[in-house]
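Trainee: Submitted below is the structure of interest, expressed as structure tokens.
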Amino acid sequence: MRTRVALCVGWLLLATIIAQGQDISSWPCSEELTKSEGDNHRIRVSTGVSERMIDKRVLPDTRDLKGSRVDSTVIVRVLIDKKGVVRCADAVHGDASLVQRSIDAAQRWKFRPYTLNGEPIIVETPIEFVFKKDSVKAR
């Protein structure tokens, strides 16, 4: 029974991934990525899926924020190449004073390569940086 459920969930996930394949030409590094990877499509995955693929997580530098009452969330969209390296990062939402430090941190993250049918693929996912008083969390 568990095997059937796992297979059904797997097929649904695969169908969702294929349906979400999109052109990445709007990204700043898309031309470079297309040339080096030979592929101009990517899939979009949720933070829940990408959370399990993180090899290295880097938090933004907040030393200069100590003592300030920062309470904000910054969402950074990243494009991960076939080797698990973040190739593009841009802010989707967040406090302007925290955006650049969040992008800088996101660009240093590393992921295990995503695969589809045994082949590595390009992936887009959001990273959420939550700034609360004197701490920051990322997911």
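The values are calculated or read from the model by the stated rules, or taken from the named source; none is laboratory data. Here the structure is a predicted model, which means the values were calculated and not measured. Ideal geometry is used to build each Cβ from the backbone, glycine not excepted, and the neighbour counts take in all protein chains shown.
Trainee: Answer with yes or no whether Ser25 is among the hydroxyl-bearing types (Ser, Thr, Tyr), out of contact with any Gly (no Cβ under 8 Å at 6 or more places or on another chain) and modelled with pLDDT of 50 or more.
Mentor: Criteria not met by Ser25.
Trainee: Return the total of residues in region 78-118 being within 13 Å of Ile43 (Cα to Cα) and not in a loop (DSSP other than H, G, I, E, B).
Mentor: 6
Trainee: Now for a separate question. Within region 56-63, is there a residue that is closer than 25 Å to Gly118 by Cα, part of a strand (DSSP E or B) and at pLDDT 95 or above?
Mentor: yes
Trainee: Loosely packed, with under 13 Cβ neighbours inside 10 Å and of a type outside the set (A, V, I, L, M, F, W, C): does that describe Gly94?
Mentor: Against the criterion (loosely packed, with under 13 Cβ neighbours inside 10 Å and of a type outside the set (A, V, I, L, M, F, W, C)), Gly94 does not qualify.
Trainee: Something else about it: Considering only residues that are out of contact with any Ser or Thr (no Cβ under 7 Å at 6 or more places or on another chain) and basic (Lys, Arg), which ones fall in region 96-139?
Mentor: Result: Arg101, Arg108, Lys110, Arg112, Lys132, Lys133, Lys137.
Trainee: I've got another one for you. If the requirement is being surrounded by fewer than 20 Cβ atoms within 10 Å (Cβ to Cβ) and under 12 Å from the mean Cα position of the chain (by Cα), which of these qualifies: Glu119, Glu124?
Mentor: Unique residue meeting the criteria: Glu124.
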